[in-house]
Amino acid sequence: MSKHTISVTVNGETRGGEVDSRLLLVHYIREQLSLTGTHIGCDTTSCGACTVLLDGRPIKSCTMFAVQADGHSVETIEGVAQGGNLHPLQEGFWEQHGLQCGFCTPGMIMTAKALLAANPNPSEDEIRHGISGNLCRCTGYVKIVEAIQYAAAKLREQPEEVAA
Amino acid sequence: MIPGTFDYLAPSTIDEAIAALAAHGDDAKILAGGQSLIPAMRFRLASPTVLIDINRVAGLEYLREEAGYLAIGALTREHALEHAAELMRGYPLLADAARVIADPLVRNRATVGGNIAHADPANDHPAVMLAYGAEMVARGPGGERHIPIDDFFLGLFETALAHDELLTEIRIPKPQPGAGGAYLKIERKVGDYAVAAVAVQLAIDGSRVSAARVALTNVSPAPMRSAGAEAALVGQELSEATLEAAGRAAAAECDPSSDLRGTAEYKRDLVRVLVKRAARKAAERASARP
């Protein structure tokens, strides 16, 4: 088995480490970096609970090896709040009751963040299509969609936060 | 679930990747998007001892129209197809498929070449490429060769690629005026494989079908065309009787298994209905660009 020294920008900070080739990105994030906000839901590339942004794109971190992230940028749920303030998406999930058990929420928020970066004013259909790889077993998605709409509206009012 | 151990290689050129394949033989697997391979490794259904990651190979990720065909670099992400709206207007069958392959998160990693080279009859691109009559470009130690898609799939997870060959490009012939296509998929939920899906690419001349290719997803041990459905369509007007004959021919010709997604009987009937609907939709699109 090969071991590899990697350097990954995680939530804006350079993080390194030695990883086994077979170490999955989600295990690197959770166990080596202790960032446990990224969840493991299904273990079968189905649920999206482990969604993180890789160079800005949402991906399932259980279906990529850590060594593949070498030289890339990863953003997790821990990187979303800035300066102690909730991101409009986090605020939206809070205000619109976009979660019950909360297990899918970090993945939902990461997917929604990339969605809004690419499309600041999505229709309900576009939101539903965008989050269709993230499964929620509690809410039936109505409140999640409303949470994302809340955040979209807030981000459009505060365009400087889009870049953040 | 943790994959077995393996050595990881990350070549930066196609030649290095081919040399690594040649050096490690059948123990090595190409890692492209990894969205089928990594789950298979986690289930220990696949235990390659060497992974050759081609994600750092330059020049394999592109989508462009060349003279007479659409060239898709093998490492092109499904996401890129879905978001190339302008280019996809000329390839509606491909555009249909791009929106229903797995889910948006998987599409950000998954590659067109991987979906084809994996040769899983449950994958969507094999039927799409069979319906288009696409050409696969492969590179090996001896150079480049072009493989017609009809000769590409040999069986379940089996292709015409030699162990030291890499799929580098997919070429879809540019549809002529009067041609149209459609891909229709029934899935239990977003992200699941098809219960059944049908790809149709046809051409209309006057009121009759002048050419047709019909291919099926996840209803046979290997990706397949339905010669019976094609024969039922070509030379005919697209009447209800013609569509029904084509649907019935495909339903008889496919070989689905009963599983959690449905009984074989149910899947055959889905194929019958989907062939009719896809052919009708393809014909509508063909008529829209005479």
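What's the carbon and sulfur percent of chain B's accessible surface, probe 1.4 angstrom, rounded to a whole number?
52
Roughly how many debye, to the nearest 20, is the charge dipole of the protein assembly as shown about its Cα centre, given +1 on each Lys and Arg Cβ, -1 on each Asp and Glu Cβ, and no other charges?
Details: 43 positive and 55 negative charges, 188 e Å.
Using Cβ point charges on Lys, Arg, Asp and Glu, the protein assembly as shown gives about 900 debye.
For B:Ser220, enumerate residues with amide H under 5 Å from its amide H, sequence gap 5+ or separate chain, H modeled in the peptide plane.
Hits under the 5 Å cutoff: B:Asp255.
Using a Gaussian network model on chain A with a 10 Å cutoff between Cα atoms, which of A:Pro106, A:Pro58, A:Pro122 fluctuates the most?
A:Pro122
List the lysines whose Cα sits under 18 Å from the Cα of B:Lys185, skipping any in the same chain fewer than 8 residues away.
Candidates past the 8-residue exclusion: B:Lys267, B:Lys276, B:Lys281.
Amide H to amide H, which residues 5 or more places from B:Tyr69 or on other chains are under 5 Å from it, using H placed in the peptide plane?
B:Lys174
In segment B:35-135, what chymotrypsin sites (Phe, Trp or Tyr not before Pro) fall in a loop by DSSP, with at most 14 other Cβ atoms inside 10 Å?
Working: sites: B:Phe43, B:Tyr62, B:Tyr69, B:Tyr132; in loops: B:Phe43, B:Tyr62.
Taking segment B:35-135 and a limit of 14 other Cβ atoms within 10 Å, the loop chymotrypsin sites (Phe, Trp or Tyr not before Pro) found are B:Phe43, B:Tyr62.
Would you please put A:123-136, B:1-14 in order of how densely packed they are, using the mean number of other Cβ atoms within 10 angstrom per residue and starting with the highest?
Per-residue Cβ counts within 10 Å, averaged per peptide and sorted highest first, yield A:123-136, B:1-14.
Among the lysines, which have Cα under 29 Å from the Cα of A:Lys154 when same-chain residues fewer than 8 positions away are ignored?
Leaving aside lysines fewer than 8 places away in the same chain, those within reach of A:Lys154 are A:Lys60, A:Lys113, A:Lys143.
Calculate the spin-label point distance for B:Thr13 paired with A:Asp55, positioning each point 7 Å from the Cα along the beta-carbon direction, and give it in nanometres.
2.1
Mind putting a number on the dipole of chain A about its Cα centre? Charges go on the C-beta only, +1 for Lys and Arg and -1 for Asp and Glu, and I need it in Debye to the nearest 20.
In debye, rounded to 20, chain A gives about 360.
Amide H of B:Thr159: which non-local residues (sequence gap of 5 or more, or other chain) have their own amide H closer than 5 Å, using H built in the peptide plane?
B:Leu154
Please report the carbon-and-sulfur percent of the accessible area for chain A; probe 1.4 Å, protein heavy atoms only, DNA, RNA and ligands left out. If you can, show how the numbers build up before the last one.
Details: 3380 of 7070 Å².
Ligands and nucleic acids excluded, carbon and sulfur reach 48 percent.
Starting from the 7 Å offset along Cα-to-Cβ, what nm value, one decimal, do you get for the label separation of A:Cys42 and A:Ala81?
Label-label distance for A:Cys42 and A:Ala81, simple model: 2.9 nm.
Taking trypsin sites (Lys or Arg not before Pro) as exposed when DSSP calls them loop (any state but H, G, I, E, B) and at most 10 other Cβ atoms lie within 10 Å, what is the longest stretch of chain B free of them, the sites themselves excluded?
B:190-290
Taking the dipole about the Cα centre of the protein assembly as shown, with the C-beta of Lys and Arg at +1 and of Asp and Glu at -1, give me whichever of A:Ile6, A:Phe103, A:Ala69 is farthest to the positive side.
Highest projection toward the positive end goes to A:Phe103.
What FRET efficiency comes out for the pair B:Ser287/A:Ala117, r = Cβ-Cβ distance, R0 = 41 Å, nearest 0.05?
With R0 = 41 Å, the Cβ-Cβ based efficiency is 0.55.
At a Förster radius of 56 Å, what calculated FRET efficiency corresponds to the Cβ-Cβ distance of A:Arg156 and B:Ala162, to the nearest 0.05?
0.55
Given R₀ = 45 Å, what would the calculated FRET efficiency be for B:Asp26 paired with B:Ser239, taking r from the Cβ atoms and rounding to 0.05?
Once the sixth-power term is evaluated, E becomes 0.30.
Which residue fluctuates most in the GNM of chain A (Cα springs below 10 Å): A:Lys113, A:Lys143, A:Lys60?
A:Lys143
Using only atoms on other chains, find how many Cβ atoms lie within 10 Å of each Cβ of peptide B:97-108 and report the average.
Taking all residues of B:97-108 together, the mean is 6.
How far apart, in nanometres, would the label points at A:His97 and B:Phe43 be if each is projected 7 angstrom from Cα along the Cα-to-Cβ direction?
Those two pseudo-labels are separated by 3.9 nm.
For segment B:34-66, run through the GluC sites (Glu not before Pro) and keep only the ones in DSSP coil with at most 10 other Cβ atoms within 10 Å of their Cβ.
In loop regions of segment B:34-66 (DSSP not H, G, I, E or B), there are no sparsely surrounded GluC sites (Glu not before Pro).
The values are calculated or read from the model by the stated rules, or taken from the named source; none is laboratory data. A quick note: this is a predicted structure, and the numbers were derived from the prediction, not measured. No Cβ is skipped: glycine too gets one built from the backbone with ideal geometry, and neighbour counts run over all protein chains shown. Accessible surface areas use protein heavy atoms only, side chains included; no ligands, DNA or RNA. Shrake-Rupley method; radii C 1.70, N 1.55, O 1.52, S 1.80 Å.
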